[in-house]
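Before any comments, here is the structure.
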Amino acid sequence: MEGGENPKAFKWVGGHLSLDFNNTVDWKAAEPHAGEYLTDYGRLVAWAGEAGVLSRQTEASLLDHWTAQPSSGDAALHRAWSTRTTIHRIFTGLITGDPPVEPQLDQLNPLVKEAQGHLRYDTARRKLEWDWSSHDGGLLRPVWPVVWAATQLLTAEELIDVKTCANEICGWLFLDTSRKHNRKWCEMGVCGNRAKARRFYDRRKRQPGRS
């Protein structure tokens with residue numbers, strides 16, 4: 001959290017729930033979690049709420065649970081961080097041609113099983129829909145849809161459209177749905193402009209009479 005008062009605004013540039021979850025930390029920050037968006041359990045709940053995977057009622061219930069048991073919220077947050085790292089390593093590895101290794105899958109599979117255990121059919125809207133049960137008050141509730149979404153993407157044709165930002169000091173992921181499939185940046189206005197500025201600076205340095 002920047003300055004302890006003004007948290008980073010969440011960004012939704014991934015085009016997929018699991019990729020947007022990956023994009024909740026600055027992966028290349030000098031210190032671990034220096035560029036962290038999920039600075040506490042409340043921020044994790046807020047992210048899931050903005051992502052549309054938590055109702056207001058469920059958000060309030062989870063926050064009440066966190067207030068009553070702060071250590072449980074901290075444990076859930078650390079598991080969320082660990083899950084995010086696993087997702088990051090699997091997808092970036094696939095992008096660079098390195099398939100997931102067994103330790104990564106061993107970390108993901110139990111979470112997949114846990115998430116599946118909390119799926120149910122919802123008939124509230126007079127039709128069968130997948131929904132997420134939170135009757136047990138599980139503080140990992142914000143992470144279950146992310147894990148489920150990641151497994152769906154890993155087995156979908158769209159997997160070939162997952163890219164990492166061309167800014168080598170970024171590490172954010174996105175689903176390239178552009179018409180020509182030539183998207184390079186997580187955000188043109190951020191990483192794209194930074195790359196332009198670096199190229200301009202390098203050209204200026206190479207000009208005669210400049211050091």
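The values are calculated or read from the model by the stated rules, or taken from the named source; none is laboratory data. On a predicted model such as this, the values are computed, not experimentally measured, just so you know. For neighbour counting, all protein chains shown are included, and Cβ atoms are generated from backbone atoms with ideal geometry for every residue, glycine included. Accessible surface is based on the protein model in full, side chains and every heavy atom, while ligands, DNA and RNA are left aside. Shrake-Rupley method; radii C 1.70, N 1.55, O 1.52, S 1.80 Å.
For beta carbons closer than 8 Å, sequence separation of 6+ or different chains, a first residue in the stretch 91-107 that is under 21 Å from ASP161 (Cα atoms) and a second that is outside any loop (DSSP other than H, G, I, E, B) and open to solvent by 90 Å² or more (accessible area, probe 1.4 Å), the qualifying pairs are PRO100/ARG89.
Restricting the search to the stretch 158-187, which residues are in a loop (DSSP other than H, G, I, E, B) and either over 14 Å from THR92 (Cα atoms) or in contact with a strand residue (DSSP E or B) (Cβ under 6 Å, 6 or more places away or on another chain) (or both)?
Across the stretch 158-187, the qualifying residues are ASP176, THR177, SER178, ARG179, LYS180, HIS181, ASN182, ARG183, LYS184, TRP185, CYS186, GLU187.
Taking the conditions (1) closer than 19 Å to LEU173 by Cα; (2) free of Cβ contacts under 8 Å to residues at least 60 places away in the same chain in turn, LEU63 satisfies each one other than (1). Just to be sure before I move on: is GLU31 open to solvent by 20 Å² or more (accessible area, probe 1.4 Å), over 18 Å from TRP148 (Cα atoms), acidic (Asp, Glu) and touching a helix residue (DSSP H, G or I) at 6+ places or on another chain (Cβ under 8 Å) in the structure I sent? So GLU31 fails the test. Restricting to the stretch 120-157, and then to whatever is open to solvent by 50 Å² or more (accessible area, probe 1.4 Å) and under 13 Å from VAL53 (Cβ atoms), can you tell me which residue is modelled with the lowest pLDDT? Among residues in the stretch 120-157 that are open to solvent by 50 Å² or more (accessible area, probe 1.4 Å) and under 13 Å from VAL53 (Cβ atoms), the one modelled with the lowest pLDDT is TRP130. Among the residues of the stretch 158-211, those that are closer than 18 Å to LYS28 by Cβ, open to solvent by less than 50 Å² (accessible area, probe 1.4 Å) and either among the aliphatic types (A, V, I, L, M) or modelled with pLDDT under 60 (or both) comprise LEU173, VAL190, ALA195. Considering the stretch 35-90, the residues that are outside any helix (DSSP H, G or I) and open to solvent by less than 10 Å² (accessible area, probe 1.4 Å) include one that is farthest from LEU17 (Cα to Cα), namely GLY35.
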